[in-house]
1. Under the condition of being more than 24 Å from residue 106 (Cβ to Cβ) and either at pLDDT below 90 or among the aliphatic types (A, V, I, L, M) (or both), which residue from region 21-43 is most open to solvent (accessible area, probe 1.4 Å)?
2. For region 65-77, indicate whether the set of residues that are in contact with a Pro (Cβ under 9 Å, 6 or more places away or on another chain) and either without any contact (Cβ under 8 Å) to a residue 24 or more places away in the chain or part of a helix (DSSP H, G or I) (or both) is non-empty.
3. Please work out which residue is most open to solvent (accessible area, probe 1.4 Å), limiting yourself to region 1-20 and to residues that are within 17 Å of residue 156 (Cβ to Cβ), out of contact with any Lys or Arg (no Cβ under 9 Å at 6 or more places or on another chain) and without any contact (Cβ under 8 Å) to a residue 24 or more places away in the chain.
4. If you go through region 92-108 one residue at a time, do you hit one that is within 19 Å of residue 15 (Cα to Cα), modelled with pLDDT under 95 and open to solvent by 10 Å² or more (accessible area, probe 1.4 Å)?
5. Since residue 73 meets every condition but one in (1) open to solvent by 60 Å² or more (accessible area, probe 1.4 Å); (2) more than 21 Å from residue 47 (Cα to Cα); (3) not acidic (Asp, Glu), which condition does it not meet?
6. Say whether the condition of being touching a strand residue (DSSP E or B) at 6+ places or on another chain (Cβ under 9 Å), open to solvent by 40 Å² or more (accessible area, probe 1.4 Å), within 19 Å of residue 121 (Cα to Cα) and β-branched (Val, Ile, Thr) is met by at least one residue in region 55-66.
Amino acid sequence: MKITRQKHAKKNLGFFRNNFGVREPYQILLDGTFCQAALRGRIQLREQLPRYLMGETQLCTTRCVLKELETLGKDLYGAKLIAQKCQIRNCSHLKNGVSGSECLLSMVEEGNPHHYFVASQVIDQNLSMKVKKKPGVPLMFIIQNTIVLDKPSPKTIAFVRAVESGQLVSVHEQESIRQLKEEQGLVKNPERRRKRRKKISGPNPLSCLKKKKKAQDTKSSASEKKRKRKRIRNRSTSKVLSVKQNAEG
């Protein structure tokens, strides 16, 4: 039974790896229901998940999941302890917290670029059904005290077929194309554009006024010099005339 379960896991994992670029370490987002099921089934997640997926794993959660477990009280105290030992992934709900299910859904938006697995129990039908509607998101749950990686959803299979037929381009291919274009310089980095932009500022009106005053000062000083020269010339001519008059007399 254990061998067939690992064969199914290997097959499903290979599907996500080949079509969506899922790779080690596998990042698994846990919600409160999954932590509670692991506690009841006495499942050591850090030991059993790497064995089941045959690779390195990282147990992750969000602050919204932790807050939700705190509000639910003592009944989920053990699940909260399990979640607190996980790595915290930053979500977009720092100011206004949301439910754990809504938070995990937001973490796999836009094609699941970080390749998260979502680990939640089947009892949370709202979360599991919404996850299955998003292509490329592996879903995990616990049944009969064993961990199970769910098979790809119909939405995911339809997306892969559309990519194979050339109707769509997968997110993994879009990322690789964008990286190649940036390496070859075909696409400019928008951050560099922002750094290069400089505000075009007009002339300072105060500096203009100062320049005008200087021009006026230079004009006034030049006119004063001309006046002084005229006065000197007038004085010299008057002296010459007086000397001539004395000589004639």
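1. Only one residue fits best here, namely 39.
2. Within region 65-77, none of the residues are in contact with a Pro (Cβ under 9 Å, 6 or more places away or on another chain) and either without any contact (Cβ under 8 Å) to a residue 24 or more places away in the chain or part of a helix (DSSP H, G or I) (or both).
3. 18
4. If we filter region 92-108 for residues that are within 19 Å of residue 15 (Cα to Cα), which is where we start, we get 108.
Add one more test, that the residue is modelled with pLDDT under 95, and what stays is 108.
Still in the list and also open to solvent by 10 Å² or more (accessible area, probe 1.4 Å): none.
Within region 92-108 (the criterion being within 19 Å of residue 15 (Cα to Cα), modelled with pLDDT under 95 and open to solvent by 10 Å² or more (accessible area, probe 1.4 Å)), the answer is no, since none of the residues qualifies.
5. Condition not satisfied by residue 73: (1).
6. No, because not a single residue in region 55-66 is touching a strand residue (DSSP E or B) at 6+ places or on another chain (Cβ under 9 Å), open to solvent by 40 Å² or more (accessible area, probe 1.4 Å), within 19 Å of residue 121 (Cα to Cα) and β-branched (Val, Ile, Thr).
The values are calculated or read from the model by the stated rules, or taken from the named source; none is laboratory data. Since we're looking at a predicted model, the values are computed, not measured. Note: ideal-geometry Cβ built from the backbone for every residue, glycine included; neighbour counts use all protein chains shown. The accessibility values were calculated without ligands, DNA or RNA, using every heavy atom of the protein model including side chains. Shrake-Rupley method; radii C 1.70, N 1.55, O 1.52, S 1.80 Å.
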